[in-house]
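Note sheet for the following structure.
Just so you know, all these numbers are worked out from the coordinates, no wet-lab data involved. From a predicted model like this one, the values you see are computed outputs, not experimental measurements. Neighbour counts are summed over all protein chains in view; Cβ atoms, including those assigned to glycine, are modelled from backbone coordinates with ideal geometry.
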Amino acid sequence: MAEFKTVRGMRDFLPEEARLLRHVEGRAREVARLYGYREIVTPVVESYELLSAKAGEEVKSRMFLFKDLGGRDVALRPEFTASVARLVATTLRNEPRPFRLFSVGSIYRYDEPQRGRYREFWQTNYELMGSSRPEADAEILLLTHSFMQTAGLKKFALKVGHIGVLRGILTQEKLVDKVQSAVMQLMDKKQYEDAFRLVKSAGVSETCILTLRKLVELKGSNVLDVVDRVAELVRDYEKSVEASRNWGGILDLVLKSRCDVDMTVDAGFARGLEYYTGMIFEVYVPGLDIALGGGGRYDRLIELFGGDPTPAVGVAHGVDRIMLALQEQKAAQKAEEKAGEEEKTVLVVPINEGLRGQALRVSEVLRNAGVVVEVEVMGRKMVKALEDADKRKMSYAVIIGERELKEGAVVVRNLAKRVQSTVKIEDVADVVKG
Ligand code: HAM
């Protein structure tokens with residue numbers, strides 16, 4: 001039989017990586033708790049119609065799409081947002097707003113596999129639904145900052161844009177939605193010349209092209225200043241001016257929070273997903289040119305799914321890429337150690353076959369007291385078993401012997417210090433935990 005491998009784009013997480021994955025997930029869950037986001041669990045398989053409605057051509061063309069045995073067109077989720085919006089448009093329709101909802105899980109996209117790009121990857125996702133106010137957008141930016149920090153990243157920056165500025169120009173120039181979306185897709189890939197060509201072929205004014213050309217040049221870390229210059233440049237486009245004001249308002253709130261968020265703005269920045277209507281952003285770390293997270297405002301999706309008009313803003317963080325960045329910044333080990341919290345681990349070994357039942361009993365007593373216990377299952381001689389425990393850096397061995405058992409005790413051996421003593425069974429957990 002052929003040697004089996006994982007399917008292209010899929011991968012295994014061995015214990016150390018799995019631990020790092022769960023560490024990052026744990027930090028995300030803690031951030032969700034602190035910001036009042038309640039976790040929901042939605043299905044991995046959703047209807048293709050739902051997932052494709054506003055995903056944008058790029059994501060749409062990369063879905064794991066299939067017919068189930070009932071003949072339904074379904075797909076593996078390429079993001080969480082559509083599922084959360086579906087819930088708010090239906091089951092949660094009559095619940096009080098705002099909604100703060102958190103999700104974490106695997107996501108599927110048929111992307112070309114490369115470093116940091118997989119076909120199965122993990123996202124931690126936060127959606128804030130029901131508010132159109134800039135403080136909601138600011139919350140999503142601050143929450144992202146806080147998450148990246150507590151996950152252990154030392155250096156990262158948020159790139160913030162506003163899709164309303166571009167949309168305002170294109171709408172006033174009477175470009176239909178479909179063409180607008182195609183322009184955004186090209187801009188997302190930084191194919192600006194192609195984008196301008198497409199806009200031109202739609203018959204817009206020369207001033208419009210000139211404005212767009214100047215617009216994509218406007219970027220920098222002096223964020224409020226750049227946004228002021230954008231507002232000045234687009235002064236003939238009413239909706240774009242409005243969007244610039246909203247953009248500036250959000251940035252101003254983030255600055256006023258004094259959280260020291262490293263931000264840049266970029267007026268030519270667009271994102272692949274089609275549902276965005278306002279502020280958009282992505283997270284980057286130095287030396288890695290792929291985004292660690294991305295999100296933005298999408299005010300019309302819930303309505304599109306048949307719900308009440310519900311403004312919304314959210315973000316998804318790419319857990320795999322955060323792990324990669326932690327490894328790059330040599331912060332992974334620290335994060336992992338934290339994840340393990342230097343847990344004391346114990347090997348329980350019976351000195352003969354007749355004591356295997358007693359070994360299981362003592363193990364249960366210890367586990368009930370919260371101690372991590374592995375029981376010897378290989379039938380090895382004591383010396384071999386202890387050697388192995390030592391090699392695997394376990395903390396203690398608990399040796400089950402006839403003589404001690406008669407006194408209700410066992411031998412507890414500190415593997416690092418190579419010392420041992422006889423301890424009453426009920427006191428073992430305390431000794432081990434120090
Ligand atoms: P997105 O930008 O498509 O946004 O994905 C969010 C993050 O998922 C990316 O920044 C990246 O870290 C990670 N990611 C995407 N594709 C891959 C891949 N092939 N391999 C590894 N990681 C990947 C969304 O998904 C939106 N739903 C975010 C959102 C929530 N907007 C509003 N609410």
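Values for this structure:
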read-out: Measure of compaction for the range 15-336 (Cα Rg per 2.2 N^0.38 Å); value: 0.97
read-out: Cβ-derived FRET efficiency at R0 60 Å, residue 361 paired with residue 213, nearest 0.05; value: 0.20
read-out: In the range 2-75, trypsin sites (Lys or Arg not before Pro) in a DSSP loop with at most 12 other beta-carbon atoms within 10 Å; value: 5, 8, 72
read-out: Dipole moment magnitude, nearest 20 debye, the range 15-336 about Cα centre, only Lys, Arg, Asp, Glu C-beta charged; value: 300 debye
read-out: Relative intensity, log₁₀ I(q)/I(0), of the range 253-305 from a Debye sum that treats every alpha carbon as a point, q = 0.14, 0.23 Å⁻¹; value: -0.49, -1.04
read-out: Full-stretch length increase - residue 351, residue 4 - with 0.36 nm per residue and alpha-carbon distance subtracted; value: 120.9 nm
read-out: Label-to-label distance, nm, for residues given as residue 384 and residue 40 (7 Å Cα→Cβ offset); value: 5.5 nm
read-out: Residue 201/residue 242 FRET efficiency (R0 30 Å; Cβ-Cβ; nearest 0.05); value: 0.65
read-out: Inter-centroid distance (Cα atoms) of the range 1-40 relative to the range 239-309, Å; value: 26 Å
read-out: Relative contact order of the range 15-336, pairs being alpha-carbon contacts under 8 Å that are 6 or more residues apart, as %; value: 25 percent
read-out: Rh (Kirkwood; distinct C-alpha pairs) - the range 171-308, Å; value: 16.2 Å
read-out: Residues with amide H under 5 Å from that of residue 263, placed H, sequence gap 5 or more; value: 158
read-out: Compactness relative to 2.2 N^0.38 Å, alpha carbon Rg of the range 343-433; value: 0.94
read-out: Within the range 343-433, percent of DSSP bridges classed antiparallel, to nearest 5; value: 55 percent
read-out: Modelled FRET efficiency - R0 60 Å, residue 16 with residue 189, Cβ distances, 0.05 increments; value: 0.95
read-out: Length released on extending from residue 225 to residue 90, taking residue separation times 0.36 nm less the Cα-Cα span; value: 44.4 nm
read-out: Ellipticity estimate at 222 nm from DSSP helix runs (n ≥ 4, -39,500 (n - 2.57)) divided over the chain, nearest 500; value: -13000 deg cm²/dmol
